[in-house]
Structure formats: structure tokens, C-alpha cells
Amino acid sequence: MPPTVIKKQIPLLKFTMQKDVLSSTQGLSFEDFKKIVLNDYRIINESRQTSLLGRKEVLTGKAKFGIFGDGKELAQVALAKVFKDGDFRSGYYRDQTFMMSIGQLTLQEYFAGLYGHTDLEKEPMSGGRQMGGHFGTHSLNADGSFKALVNQKNSSADISPTAGQMPRLLGLAYASHFYKINKDLHQGKFLDYSNKGNEIAFGTIGDASTSEGLFWEAINAAGVLQVPMLMSVWDDGHGISVPKKYQTTKESISEILKGFQRENGGNGFEIFKTKGWDYAHLCETYEKAAKVCREEHVPVLVHVEEVTQPQGHSTSGSHERYKSKERLQWELDFDCVKKMREFIIQNALADEATLNTIEEDAKNSVRTAQKTAWTDYLTPIKTEVAEVSALFDDLSNGTNGSAVAAIKTELNSIKEPIRREIHNAVKKVLRLTKTEESASRIKLTDWLRLANIENSDRYSSHLMSQSNFQVSNVTPVAAQYDGEKLVDGRELLRENFDYILSKHPETLIFGEDSGKIGGVNQGLEGLQAKYGEHRVFDTGIREATIMGQAIGLSMRGLRPIAEIQYLDYLLYALQIMSDDLATVQWRTKGMQKAPVIIRTRGHRLEGVWHSGSPMGMIVHACRGINVCVPRNMTQAAGFYNLLLESDEPSLVVEPLNGYRLKENLPTNIGEYKIALGIPETLKEGSDVTLVTYGSSIRIAQEAIKQLEEHGISVELIDVQTLLPFDIHHKIVESLKKTNRVVFFDEDVPGGASAYMMQKVLEEQGGYQYLDSKPITIASKEHRPAYGSDGDYFSKPSADDVFDVIYNLMLEVNPNKFIKIY
Ligand SMILES: Cc1ncc(C[n+]2csc(CCOP(=O)(O)OP(=O)(O)O)c2C)c(N)n1
């Protein structure tokens, strides 16, 4: 039947199937149309059954935790219809139906995720690293290079912190904007990453999570930047148990966002409202929303109201505790699966029997998928039980044979074993048989060794890149000089950024004041004028979304250098750095990357919030990100040049008080590269090793001069990078010579100085070579007080360094040194 008849068949007021919903499939026969609707009905039923069975799997102990997408199915099949190849998603744990609809999640994979299957082939979302319901697609080839992202449907990897998906979403959308306006990227490999910016970034969020600051910051930034971001809010009225009246002013996100609505050709958002149970209206709304978003390249928000949550928030508790009887009844009446069934019957798209069959088939497919996933998950573990049991048998003739046999019996009695239980058993047996020397025991220790290697890959790989582009694969290049050409540190940096921008069309540098004035310290002076506003630009004051902007851009093949104006303000972005950026590679087991370069400046200038050096906090929060702490701008530039050749996310903390100091300009500016994790010995000495970095280097040098006058010889080591830290264990070599060590920085006591101490004394075994107690020199516990005296009495000075080292030597040799004060 021709489409006009369809319209007659579906006499719903707002449902203009021919024009709006199915405009992309014009000429569709009625039979084909029915197939689409019934296929959607199949998907939502399969998804619902997955949620129902998934919950049971948790409650019976097979899986640890479950958080499902029940109630959100219908909105997501509608949303999926407008998601095209090349598009990106940044969403959250409710989106299973969407992922199934775009063909990026099978039922079996869903269950593999629930069980935490560590095989990426079976559990492609994270290889068991994230809890089920955290989705992502594979962006990378085996060698770490990007796939042709334009030919696939992409989802950035989810994280659990509510609204944590928003900053990244902004960046994914901004990438489309950048690809569109940067004509240099309309060719070559860039056409694999973006079709000239034609893609949409799709965001999803729960209504309660819109209470988070990150939501507002990202929404405002998207409105300012006018990026193609299609945001859906699934409004089920609650955030766990807390209802909307405690979450949202006026209890409606679309109501309070009205001020963001585009008007009279101005910028802003296009805002739509629809209902989570109304298939026709959902399809119509998303068709319109995507059209505006894609064609006009503007942000759009779809507020999906009247969404249910049939099983409550998660497997942690039941919703009967906090929902009224009326609400519970309403959720039954307006369940989207039930409503779609009614819609199909009303419009004579299928009869009861057909729908019953679809529902029954869905149950069966889900049950089959669950069983297969469980068998797949359990089989390799059971194989390991069998392997170690055979090895235990070999050992059961020894002195402790009966005890070994008992351990084997106990292990084999576990119906659904996990690897921890196997390891417990193996270690117990090895302890019992520690005095036995047999080939069987050697086999068992070999088994354990190999199992540890495999488990390390299962759980601990890819904290940093393991690709061809990892930092350690980039060859360093020495800086070259032709006599002396002294320039300010900031000029050296500017020359370097100039070179970077000219060499890499995919780089862009942005942050507060980075554009027009070229940065608060002028390291980018004139570069906006030279390369254009799209390459070097100002942002609003919004550190978390500057970070997210960089993450999203870098996930789409671009190389952002994101500026955080001062190290003290990195705290605003630290959550996103820690939860999102630092975990991208690890949480996808190397299937996604975000090679962001963060540029900031810190350590020492004046006042409470322009002198911070919270390096311990950063290195502990950001394992997964390189942390470079150059002592001057020559070093900083060398790091930038190396990092751009690699695919690892990194932070470079420029020394804030070094922009106006003179440095010798290398002739190969932009090209020399400094390797990470390689400390530099700046001065040889024999009495004490002094380990430090960044702005503390100059203080150390001043103290060392004075110490020399008192007959004390200090070896000064600049660690250069805190992450990675001294990968070749160079510092311990110095300890072998001096037998004394002082770790010095401007962090709080127990901060990064203690971190360095642990690395050198414990990891490198430095404790063996010490003749004196190891010492750390750090700031006071309070923030640095304002003014030069505030600095002197809050942060370690050359006097402090002198005193500590002098007193150390006084204790060592009271005959040679006398107490000064
Ligand atoms: C930053 C943060 N705070 C708290 C939580 C715990 N938590 C998980 S989900 C959730 C409620 C979210 O509600 P909503 O955004 O409406 O999404 P829904 O689960 O209802 O789909 C909370 C508080 C979290 N994951 N992250």
C-alpha cells in the first residue's frame, strides 16, 4: 500500500508518519512500515526481558550489581532511528535499548557485561572492567590507530558519576563544529574521522542528574558554542529515591531551560518535550530534533517526560520504599511496552497473536542469550579448576597429600567458581607443600605465574597506552643551539606553539584568555591572528567542560591542547580528569583513547590561589595521565613536542614564575623532544642527593650554592616528570654514591615528596643504601599566604633547604659541622 494509506491507518492526531517520521524511507510500503514497527516492538521486549532476567541474575548471586534500562525502551528505539554512522553517543547506564537498536550491543554481550566477563570478544564494552550497563564502542585498530569512525556508530565509554558524561559530550559535539569550519581537515585521513563535521553528538541523562553543575556548565557552553548536540533527558521523576521536587526548580527541566530557547535567529537551544510511552510522538519529535541539530548545527534538548522505572533504580533496593501507590499504579498503566502494544493494536498493525509471539520469542531469545553468556563466562574458569585439580592430584602423594586432596575437593565443590577461589586454593597448596621438591610442585608454581600474567592483562592492562604510539616509543630529539639567543620563557613557548600549529592542522589550543590576548602569560601571543579563531581561542570560565571539550575532541582524532589558567583551578576539572580522562584507555581495555594535552601553570607566584602545587593530589587522582613538571619553558616545549607524537593524555605544569626569565632559544624549536620518566642530574655531588622538580629547582640551586660554601656537596636531580617516574631507576644510583637523600617540593607534607620517596626507597630499593634517615621538605600544611613574606613563611625557601641539609650533615659529622642556630 502507498504511504498515503498509512496515514489513514494511523489516525493519531500528532502522528504524521508519512511526512515526519518516515521521511527518510519515502515510498515505504505498508508491509515494510509494519515490519519496522514490529521490529521496534521486538527490541523493546527483548530489552525489557533483559532487565527482568538481569535483575534475577544479580539477586541469585551470578552477577554483582545490576542497573537496567527498563522503562526507557521506547524513547531509545525512537532516538536510535536518527543516529547515523559517524555520530557519537555520550550517555549513561540506562541506554541498553539504544545500544541494541543501533546494533552495537547483543543480548549475549549485555549478560557478559553483567557477569563481568573479561574477554573483550565476549564483553566488548569494557572487557569486564566496568559494571554492566556501561556502554562503549571500539574506536581503535589493534595498533592503536583510529578506525574509520565515519563508517560506524560510535559511543564514547560511559562512566558512573552522574552528569560525568556531559563535559565529554560537549567535546564530541564541538569536534563536529571544528571539522566543519577547518577546511584543512576536509581531506586525507581526516575524512575517516568526520564527514566535514556532519555528525551529531547524542547525549542522554536522567532527570535527577540535571541537578549537577556539570550539566549546567555543559548546556551553557553548548549554547554559547552552538554545537550539534542532541541531548535527551529521561525523566522518570526520581534520582534513586529522591523526587523531582528536591532536584529541579519547578520540577521540570524543560521549563527552567526556557531561557535557553533560540529566538529570532539568535543562538541558544531548540527544546522539545515528549512522553516516554508515546511511540508516534517520540518518533516524530526525534525526527524533528535531529533535523534541526544536523542541518543547522545547533544544540537541541529533548525532555522525555512520563518515563517509568518498573524495577526501581537498581538491584540495591526496591522502589516500593519511596514511590506512592498511585505512582506505582501509574507506572504500570503507562509502561511503555504496554503502551506500544496498545498502539499497534489500535492501529491494526498486528493482531494479539502476533504480539504474543513476539513477546514469547523475546523471552526465549533473552533466556538463550543469558545461558550462552553464562556458559561462556564460566567455561574458562572451570577449565582452570580442572587444570589445577590435576596438578593437585600430582601432589596428593606427598606428606601433606590428604590436606591437598581436601583443598581440591573443596574447590571442586564450588558450583560457580571465580578465579579468586582458584588462586586461594593454589596458594594454600603451595604453602602446605613448601618443603617438597617435586616436578609437580614446579608445575603448580608455573601455573600460578602464568595465571598472574593473564590476570594482570585481564584487570590491569592499558592504564597507559599499549599502542605503537605510546610515549616510550617516541624517539627523543636533543635541543640544539647556535651560540646564545636569549629570549623570555614565554617567547620560547610561543615560538614552539607557532611551530606546532603550523605542523599539525589537527591541533587547537583553547582556554580562558588563550585567544585574543594570547594567554595571561603571553605564551600564545599573536597566534590567534596568525592561525584563526578556530585554532586558538578563548573559552568561558568553565574548567570542567574545557577538559571535557578536549576529551571529546581527542576521541574524534583531533589534538586539543586545553589550557587551565592556573594550577590552582585545575581542581574544577580534576573530577573529569580523574574519572573520565585518566580511565579512558583502561576502562575500554585499549579500545578508545583521548590523547589530550593539558597545559597549566603553577607552583609559585603569590597568594593563596596563585601559588598552589597540589602535585600529590594530582598524581594520586590521575594515574593514567602523564604528569610533566618542567623547570623552565625549554623543558615544557620539549614535552609538548614529544606528547604530540604520542597518544597518551598528559598534563604539563609550566613554572608560573618562569615566563619572564631568559632562556636560550633552541634552533630546532618545535622539533626537539624530551622523553618522559627520565630524571636529569643537574649537578653532581657526593654528600646528599636532593630530588626535586619544577620551580623548586631554582630554590634548590640557591641553597646548594650556600651549602657548598659550608663544605657540603649536593647532587641535584630534576625528576622532570612525576608520572611516569624515573623509569630506569636512575635516582637510586645517586643514593649508592651519597647514601643520603632529601625529597623536596612545594606540596603539603606527605604529598608528592612522599610519593617520590616511596618510589625511590621502596620501588627502587633505595633504603638499602641509606646511612641517614630519608627526609622530605614540603610546604606548610596551610595554603601559601599572600606577599613575599607569606611565601617565605609558607613555602620552603632556600634557607629551609639549607637548614635541613646542613642539620642532616651536622648529625652525620658533628666534628666537622657546628650548630649554627
Ligand atoms: C556524582 C554521583 N553522585 C551520586 C551517584 C549515585 N547515583 C547513581 S544513579 C543516581 C540517581 C540518578 O538519577 P537520574 O539522573 O534521574 O537517573 P536514573 O537513574 O533515574 O535514570 C545516583 C544518585 C553517582 N553515581 N554519581
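Bridges between two residues of the chain, per DSSP, are antiparallel at a rate of about 20%.
Pairwise alpha-carbon distances in segment 110-228 exceed 16 Å for 67% of all pairs.
Of the trypsin sites (Lys or Arg not before Pro) in segment 374-437, the ones in a loop by DSSP (not H, G, I, E or B) with at most 15 other beta carbons within 10 Å are K415, K434. Amide H to amide H distances under 5 Å link V608 with Y786, where only residues 5 or more positions off or on other chains count and H is placed in the peptide plane.
Please compute the net charge surrounding D394, taking Lys and Arg as +1 and Asp and Glu as -1 over other residues with Cβ under 12 Å from its Cβ.
Spelling it out: positives minus negatives among the neighbours equals 0.
Of the listed peptides 718-724, 528-534, what is their order by residue-averaged count of other C-beta atoms within 10 Å, with the highest listed first?
Values: 718-724: 23.7, 528-534: 15.1.
Packing proxy ranking, top to bottom: 718-724, 528-534.
So which trypsin sites (Lys or Arg not before Pro) in segment 152-198 pass both tests, a DSSP loop state and at most 13 other Cβ atoms within 10 Å of the Cβ? Each step should come with its number before you reach the end.
Values: sites: K153, R168, K180, K183, K189, K196; in loops: K153, K189, K196.
Filter output for segment 152-198: K189.
Extending 7 Å from the Cα toward the beta-carbon at both T60 and I240 defines two label points whose distance is 2.8 nm. Loop-resident GluC sites (Glu not before Pro) (DSSP state other than H, G, I, E or B) in segment 753-821 with no more than 14 further Cβ atoms inside 10 Å of their Cβ: E781.
Distances between placed amide hydrogens fall under 5 Å for I271 paired with R262, L301, all partners being 5 or more residues away or on another chain.
Any idea what the dipole of segment 741-821 comes to, in debye rounded to 20, about its Cα centre with Lys/Arg Cβ at +1 and Asp/Glu Cβ at -1?
Numbers: 7 positive and 13 negative charges, 39 e Å.
The calculation lands at about 180 debye.
Taking a Cβ cut-off of under 12 Å around V304, the surrounding Lys, Arg, Asp and Glu residues balance to a net charge of -3, with basic ones at +1 and acidic ones at -1. Shape class of segment 525-648 from the Cα gyration tensor (axes a ≥ b ≥ c, square roots of the eigenvalues): rounded, since a/c falls below 1.5.
Apply the a/c threshold of 1.5 to the C-alpha gyration tensor of segment 320-365 and tell me whether it is rounded, prolate or oblate. Mind dumping the intermediate values first?
Working: a/c = 4.66, a/b = 1.80, b/c = 2.59.
Oblate, since a/c reaches 1.5 and b/c is not below a/b.
What nm distance separates the two modelled labels at E533 and E263, each placed 7 Å from Cα along Cα→Cβ? Here the modelled spin labels are 2.4 nm apart. Computing FRET efficiency as 1/(1 + (r/R0)^6) for N151 and E360, where r is the C-beta to C-beta distance and R0 is 41 Å, gives about 0.70.
What full-extension length gain, to one decimal in nm, is calculated for A403 and K705 as 0.36 nm per residue of separation minus the Cα-Cα distance?
102.0 nm is the gain from fully extending A403 to K705.
Pairwise Cα distances in segment 156-301 exceed 20 Å for 50 percent of all pairs.
In this structure H729 has an accessible area near 70 Å², from a 1.4 Å probe over the protein heavy atoms.
At full extension, E437 and K516 could sit 21.0 nm farther apart than now, given 0.36 nm per residue minus the alpha carbon distance. Applying the Karplus relation 6.51 cos²θ - 1.76 cosθ + 1.60 with θ = phi - 60° to segment 381-390 yields 3J(HN,Hα) values of 6, 5, 4, 5, 4, 5, 4, 6, 4, 4 Hz, where x marks Gly and Pro.
Ligands, DNA and RNA are left out, and with a 1.4 angstrom probe the accessible area of the chain is 39 Å² per residue. Going down the table (K62/K415; K153/K503; K683/K780; K34/K81), which pairs top 21 Å between alpha carbons? Check vs 21 Å cut-off fails for K153/K503; K683/K780.
Can you tell me the convex hull volume per residue for the chain, based on C-alpha atoms, in Å³ to the nearest whole number? So the per-residue hull volume is 199 Å³.
Of the whole protein surface, H620 contributes about 110 Å² of accessible area at a 1.4 Å probe radius. At full extension, E763 and E31 could sit 256.6 nm farther apart than now, given 0.36 nm per residue minus the alpha carbon distance.
In segment 47-101, the portion of solvent-accessible area held by carbon and sulfur atoms comes to 52 percent [1.4 Å probe, whole percent, DNA, RNA and ligands not counted]. Secondary-structure-derived ellipticity at 222 nm for the chain, considering helices only, amounts to -13000 deg cm²/dmol, per-run term -39500 (n - 2.57) for DSSP H runs with n ≥ 4.
Note on K189: aspartates and glutamates with a C-alpha under 12 Å away, same-chain residues under 8 apart excluded, are E506.
Counting only protein heavy atoms and a 1.4 Å probe, tell me what percentage of segment 650-689's accessible area is made up of carbon and sulfur.
Values: 670 of 1340 Å².
Ligands and nucleic acids excluded, carbon and sulfur give 50 percent.
Taking label positions 7 Å along the Cα-Cβ direction at both L328 and K415, the computed distance is 3.0 nm, reported to one decimal. Rounded to the nearest 10 square angstrom, E454 shows an accessible area of 90 square angstrom against a 1.4 Å probe.
Given R0 = 45 Å, the distance between the Cβ atoms of A142 and S318 translates into a calculated FRET efficiency of 0.50.
Only bridges whose two residues both fall in segment 653-730 count here: according to DSSP, what percent of them are antiparallel, nearest 5?
Numbers: 3 of 8 bridges.
Taking every DSSP beta bridge within segment 653-730, about 40 percent pair in antiparallel fashion.
R0 = 35 Å: FRET efficiency of S460 with K683, Cβ-based, nearest 0.05?
Working: r = 38 Å, r/R0 = 1.08.
Once the sixth-power term is evaluated, E becomes 0.40.
In terms of the Cα gyration tensor, with a ≥ b ≥ c the square roots of its eigenvalues, is segment 324-473 rounded because a/c is under 1.5, prolate because a/b exceeds b/c, or oblate?
Numbers: a/c = 3.48, a/b = 2.22, b/c = 1.57.
It is prolate, given that a/c is not under 1.5 and a/b is the larger ratio.
Principal-axis analysis of the Cα atoms of the chain puts helix 401-412 at an angle of about 40° to the longest axis. Within the shell of other residues whose beta carbon sits under 10 angstrom from the beta carbon of Q585, the net charge comes to +1, with Lys and Arg scored +1 and Asp and Glu -1.
Shown in residue order for segment 310-324 are the 3J(HN,Hα) couplings computed by the Karplus curve 6.51 cos²θ - 1.76 cosθ + 1.60 at θ = phi - 60°: x, 9, x, 5, 7, 6, 7, x, 9, 7, 4, 5, 10, 9, 6 Hz (x for Gly and Pro).
The values are calculated or read from the model by the stated rules, or taken from the named source; none is laboratory data. Fair warning: this is a prediction, and the values are worked out from it, not measured in the lab. No Cβ is skipped: glycine too gets one built from the backbone with ideal geometry, and neighbour counts run over all protein chains shown. Ligands, DNA and RNA are stripped out before the accessible areas are found, and what is left, the full protein with its side chains, is counted by its heavy atoms. Shrake-Rupley method; radii C 1.70, N 1.55, O 1.52, S 1.80 Å.
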